[in-house]
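Contents: one structure, followed by commentary.
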Amino acid sequence: IIPIYGTIVLLQIVGRPVWWFILLLIPFVNVVVGLIVLNDLSKSFGHKLGFTLGLVFLGIIFFPILGFGGSQYVGPLGIRQPQYANVA
């Protein structure tokens with residue numbers, strides 16, 4: 001149950017619909033969808049294609065960089081969420 005929930009949360013973080021989980025269960029389609037999700041993950045944290053390639057080929061290094069480094073979540077697909085000022 002935990003890997004399923006973790007994948008659903010990942011899809012929500014990257015801004016993809018939850019039904020994409022079904023696509024991750026289909027052989028050969030899951031490779032393409034997985035690459036798209038990793039690209040969206042790097043964009044969601046403000047990185048570009050080079051970081052996506054790092055996640056794909058050197059994930060054991062780049063996932064901890066993403067988790068423990070200075071990366072900040074900027075929103076799904078790298079779209080900055082509006083900051084609302086306190087009006088007082």
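The values are calculated or read from the model by the stated rules, or taken from the named source; none is laboratory data. The structure presented is a predicted model; accordingly, all values stated were derived computationally and were not measured. No Cβ is skipped: glycine too gets one built from the backbone with ideal geometry, and neighbour counts run over all protein chains shown. Just so you know, the surface numbers come from the protein's heavy atoms only, side chains and all, with ligands and any DNA or RNA stripped out. Shrake-Rupley method; radii C 1.70, N 1.55, O 1.52, S 1.80 Å.
Here are a few things to note about the model shown:
- Among the candidates Leu10, Leu35, Leu41, residue that is open to solvent by less than 50 Å² (accessible area, probe 1.4 Å), in a helix (DSSP H, G or I) and modelled with pLDDT of 90 or more: Leu41
- Residue within the stretch 54-63 that is open to solvent by less than 50 Å² (accessible area, probe 1.4 Å) and of a type in the set (Val, Ile, Thr) present: no
- If the condition is being exposed (fewer than 13 other Cβ atoms within 10 Å of the Cβ) and either among the hydrophobic types (A, V, I, L, M, F, W, C) or touching a Leu at 6+ places or on another chain (Cβ under 8 Å) (or both), then the stretch 18-32 contributes Val18, Trp19, Ile22, Leu25, Ile26, Phe28, Val29, Val31, Val32.
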